[in-house]
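Values quoted throughout were computed directly from the atomic coordinates according to the rules given, and no laboratory measurement underlies them. Keep in mind the model is a prediction, meaning the values are calculated, not measured. So basically every Cβ, Gly included, is an ideal-geometry build from the backbone, and we count neighbours across all protein chains shown.
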Amino acid sequence: MDALIKNAAKDLATCKQAVALTGAGISVESNIPPFRGKGGIWEKFDPMEYAHIDAFMTDPVKVWNALLKDMKGIIDRAKPNDGHLGLARLETLGKLNTVITQNVDGLHQLAGNTDVIEFHGNFAWHFCLACGRRVKTGQIDLSEIPPKCPCGGIYRPDCVFFGEMIPSQALYRSRQAASTCDLMLVVGTSAVVQPAALMPVVAKQAGAKVIEINPETTPLTGSISDYLIQGKAGETLAAILSELERLL
């Protein structure tokens, strides 16, 4: 693993334009549970029953009580971990241009990254279905379920439900970033959710080096990624940064 850490630091030191693709794994260390896999939210809730836009529009009380209320509490308490802070530090060092994330927690922005493309929106914000008013999650009053806007409309999280389209601008900008980078870090993602999982393929086809940081192998391992560093995002990125700063 030490050799791979050194390789990653050298690759970052010499690259001209790096992009990171992140998934739920990077936020697990901030006590945000993943949606998929062992211990994931979808083991507890059927996403078609609780996370589909039709389910929300049909019975917002049920969805808010069963899923969104708990998610709000988790997001309110979450803080950036060493993984988020590591990517922000890479940007400060001029070694990371863009973060493409499948996460909805807003922790990359809190850590300090300034160009974050959110595939699935951002649970850190909510908007009113009636008037469109946007408010931060921490300002949502849960004394009434579903929470109401002053206009009387219902608040919903500003994230993508099942049955909704990925924002076209997010998809366009992600493809653009992936096709023009010369290095892509793939951090904490299972690489099975499309179209986000396609971004490393786009980067590879454009000639970029692809480095995975993940506890487990993924469909990218051994085919698209140049190498996999198996480990937690926070400690792995911290180790890479320590070596990178020695080289710069």
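Only counting other Cβ atoms within 10 Å, I'd like Arg133, Arg246 sorted with the fewest neighbours first.
Taking fewest neighbouring Cβ atoms as first place, the list is Arg246, Arg133.
Sort Val160, Val19 by Cβ crowding within 10 Å, fewest neighbours at the top.
Exposure proxy ranking, most exposed first: Val160, Val19.
Here is the link list: Lys44/Lys204; Lys69/Lys232; Lys44/Lys209; Lys10/Lys79; Lys6/Lys209; Lys69/Lys95. Which ones come out longer than 26 Å on Cα distance?
Numbers: Lys44/Lys204 36 Å; Lys69/Lys232 28 Å; Lys44/Lys209 37 Å; Lys10/Lys79 29 Å; Lys6/Lys209 15 Å; Lys69/Lys95 38 Å.
From Lys44/Lys204; Lys69/Lys232; Lys44/Lys209; Lys10/Lys79; Lys6/Lys209; Lys69/Lys95, over 26 Å: Lys44/Lys204; Lys69/Lys232; Lys44/Lys209; Lys10/Lys79; Lys69/Lys95.
Net charge near Lys79: determine it from the other residues with C-beta under 14 Å of the C-beta of Lys79, scoring Lys and Arg +1 and Asp and Glu -1. Present the calculation step by step, with values, prior to reporting the outcome.
Details: positive: Arg77; negative: Glu29, Asp76, Asp82, Asp105.
Once all neighbours under 14 Å are counted, the net charge is -3.
Could you give each residue of the stretch 121-126 its phi-based ³J(HN,Hα) in whole Hz, using Karplus coefficients 6.51, -1.76, 1.60 with θ = phi - 60°, and x for Gly or Pro?
Karplus values, whole Hz, x for Gly and Pro: x, 8, 6, 6, 10, 10.
Please give the net charge around Ser168, taking every other residue with its beta carbon less than 14 angstrom from that of Ser168, where Lys and Arg add +1 and Asp and Glu add -1.
So the environment of Ser168 carries a net charge of 0.
For the chain, what number results from the quotient of the Cα radius of gyration and 2.2 N^0.38 Å?
Relative to the 2.2 N^0.38 Å estimate, the chain comes out at 1.03.
Can you show me the helix-derived [θ] at 222 nm for the chain, built from DSSP H runs with n ≥ 4 at -39,500 (n - 2.57) apiece and divided by the number of residues, rounded to the nearest 500. Please list the in-between numbers first.
On the way: 12 runs with 95 residues, N = 248.
When only DSSP H runs of four or more count, the value is -10000 deg cm²/dmol.
How big is the antiparallel share of DSSP beta bridges in the stretch 94-219, given as a percent to the nearest 5? Don't skip to the answer; put the middle values down first.
Values: 9 of 17 bridges.
Approximately 55 percent, going by the DSSP bridge assignments.
Kindly work out what percent of the DSSP beta bridges joining two residues of the stretch 22-171 are antiparallel, to the nearest 5.
On the way: 9 of 14 bridges.
Looking only at bridges with both residues in the stretch 22-171, the antiparallel portion is about 65 percent.
For a footprinting-style exposure proxy, rank Phe161, Phe45 by other Cβ within 10 Å, fewest first.
The most exposed by this proxy come first: Phe45, Phe161.
Only Cα pairs within less than 10 Å get springs; with that Gaussian network setup on the chain, which residue of Leu67, Leu87, Leu220 has the largest fluctuation?
Maximum fluctuation in the GNM of the chain, among the listed residues, is at Leu67.
Set the Förster radius R0 to 22 Å, insert the Cβ-Cβ distance between Leu198 and Thr58 as r into 1/(1 + (r/R0)^6), and round the FRET efficiency to 0.05.
For Leu198 and Thr58, the calculated efficiency is 0.10.
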